[in-house]
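What follows is a short report on a single structure.
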Amino acid sequence: MLQVGINGYGTIGKRVADAVRAQPDMEVVGVAKTRPNFEAEGAVENGYSLYAAVEERAERFDDAGIELAGMVDEMVERADVVVDACPSGIGAENKSLYDEYDTPALYQGGESADVGDVSFNARANFEDAAGARHVRVVSCNTTGLSRLIAPLREEYGVEKVRATLVRRGGDPAQTGRGPINDILPNPISLPSHHGPDVKTIFPDLAIDTLGLKVPATLMHMHSVNVSLETEPDAEEVRELLENESRLFVVPERMNVDGAGKLKEFAMDRGRPRGDLWENCIWGESVSMEDNDLYLFQAIHQESDVVPENVDAIRAVTNAADARESVETTNDALGIGF
Ligand code: NAD
């Protein structure tokens with residue numbers, strides 16, 4: 001059993017912990033937090049060993065009546081792999097800790113690309129992370145674009161990708177984020193950072209991305225145009241996408257008109273936290289004009305990177321190849337509708 005430690009138990013960390021626990025070949029050795037709050041209490045209630053991320057603040061857990069299993073260093077030492085799910089920039093600061101104990105580490109998309117030896121997406125470049133010491137699992141938006149681009153490149157060849165990303169202002173729990181009543185070109189100048197980030201997965205890809213931010217917390221929405229090297233018809237492309245395990249092509253009959261209904265659907269289906277691990281592509285939107293493919297996809301920012309982290313654990317430990325890992329992860333989590 002692979003022993004996995006999770007440093008940073010917030011939006012991403014708590015989801016990764018639950019996903020790791022669900023795997024047949026992995027155990028959560030512990031989770032580390034900086035301060036006692038409802039998530040720290042929840043971790044203990046869920047049966048995770050809780051470690052203090054900052055030694056000077058360990059007393060605060062005692063004061064709050066939350067039992068600690070030790071300090072983060074001990075967790076890192078016990079782990080075969082650490083998933084760092086700390087806020088952007090903190091992962092890079094933690095790198096020396098992981099090196100000290102010679103524990104391979106995964107970082108999240110908020111870190112700059114050079115934190116890792118490789119940027120990772122299970123569908124596109126699983127093998128590149130084999131045996132790596134530091135791996136960055138790319139952001140929610142880059143994950144969503146990479147999963148879509150990989151099969152299109154393989155099947156038809158891609159001349160150029162143009163994507164407009166309408167981004168949620170913040171996650172549901174991020175009370176300090178906005179805008180509250182505005183529509184922001186973000187960034188105003190082109191390109192947004194997403195295009196260059198996708199190139200960490202496909203270095204030779206031609207891609208331009210634009211970003212906006214809107215007053216929403218549910219999901220991101222991508223308006224995508226891919227110029228293909230051939231001219232398949234829309235039905236053929238749709239079938240290709242339907243056969244991808246982490247792409248959910250939303251059928252017309254479901255009458256889902258936006259992110260709100262998608263989230264409602266996920267909750268109705270009993271998904272933990274209402275999570276949607278798959279890209280959600282509107283079937284009706286999949287259109288071809290000559291060699292240009294157009295579609296809309298919604299990306300659940302809080303959860304699409306979760307199965308990717310699980311696969312990256314197997315990649316760095318050489319525990320499975322891409323197909324085996326993705327299948328195991330999907331089965332254990334119940335990915336696919
Ligand atoms: P978050 O703020 O919800 O969680 C981070 C957790 O780490 C918090 O509990 C915080 O208290 C804790 N923390 C802070 N400093 C720490 C330290 N030194 N040691 C241990 N824990 C520490 O953040 P998040 O949304 O889970 O984001 C984590 C990473 O995942 C970021 O790189 C982010 O860019 C990336 N990411 C976030 C999303 C998203 O939409 N939330 C999607 C994809 C990737």
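The values are calculated or read from the model by the stated rules, or taken from the named source; none is laboratory data. These figures come from a predicted structure and were not determined experimentally. Cβ placement follows ideal geometry from the backbone for every residue including glycine, while neighbour counts extend to all protein chains displayed. Calculation scope for accessible area: heavy atoms of the full protein, side chains included, ligands and nucleic acids excluded. Shrake-Rupley method; radii C 1.70, N 1.55, O 1.52, S 1.80 Å.
Just a few scattered comments:
- Residue within the stretch 47-58 that is exposed (fewer than 15 other Cβ atoms within 10 Å of the Cβ) and either more than 14 Å from the ligand (Cβ to nearest atom) or on the phi > 0 side of the Ramachandran plot (or both) present: yes
- Set M26, M1: member being open to solvent by less than 10 Å² (accessible area, probe 1.4 Å), of a type outside the set (S, T, N, Q) and more than 10 Å from the ligand (Cβ to nearest atom): M26
- Residue match in the stretch 61-74 (condition: over 21 Å from R273 (Cβ atoms), charged (D, E, K, R), within 15 Å of the ligand (Cβ to nearest atom) and surrounded by 17 or more Cβ atoms within 10 Å (Cβ to Cβ)): yes
- Close pairs (8 angstrom Cβ cut-off, 6 or more residues apart or separate chains): of a type in the set (D, E, K, R) in the stretch 119-131, open to solvent by 40 Å² or more (accessible area, probe 1.4 Å) anywhere: E127/D321
- Some residue of the stretch 134-141 being open to solvent by 10 Å² or more (accessible area, probe 1.4 Å), more than 12 Å from the ligand (Cβ to nearest atom), assigned by TED's automatic domain parsing to the domain that holds S88 and modelled with pLDDT of 95 or more: yes
- Failed criterion for V115 (all others in (1) assigned by TED's automatic domain parsing to the domain that holds W277; (2) under 19 Å from the mean Cα position of the chain (by Cα) hold): (1)
- Verdict on S119 being at pLDDT 95 or above, closer than 23 Å to E278 by Cβ, open to solvent by less than 50 Å² (accessible area, probe 1.4 Å) and out of contact with any strand residue (DSSP E or B) (no Cβ under 8 Å at 6 or more places or on another chain): no
- Close pairs from the stretch 314-337: first closer than 13 Å to F120 by Cβ, partner at pLDDT 95 or above and open to solvent by 30 Å² or more (accessible area, probe 1.4 Å), Cβ under 7 Å, at least 6 apart: A315/A130; A322/E127; V326/S245
- From the list L152, L106, L165, L218, the one residue that fits, being of a type outside the set (G, A, S) and open to solvent by 20 Å² or more (accessible area, probe 1.4 Å), is L218.
- Elements of type helices (runs of 4 or more DSSP H) contained in the stretch 237-337, each with 2 or more residues being open to solvent by 40 Å² or more (accessible area, probe 1.4 Å) and in the same structural domain as V158 (by TED's automatic domain parsing): 259-268
- Residue-level check: of (1) more than 30 Å from P196 (Cα to Cα); (2) crowded, with 17+ Cβ neighbours inside 10 Å, R35 misses just (2).
- Some residue of the stretch 20-35 being of a type in the set (S, T, N, Q) and under 23 Å from S96 (Cβ atoms): yes
- Number of the condition not met by G10 [criteria: (1) in contact with a Lys or Arg (Cβ under 9 Å, 6 or more places away or on another chain); (2) more than 9 Å from the ligand (Cβ to nearest atom); (3) in contact (Cβ under 8 Å) with a residue 40 or more places away in the chain]: (2)
- Test: residue in the stretch 185-197 that is in contact (Cβ under 8 Å) with a residue 40 or more places away in the chain, touching a Ser or Thr at 6+ places or on another chain (Cβ under 9 Å), surrounded by 15 or more Cβ atoms within 10 Å (Cβ to Cβ) and not small (G, A, S): yes
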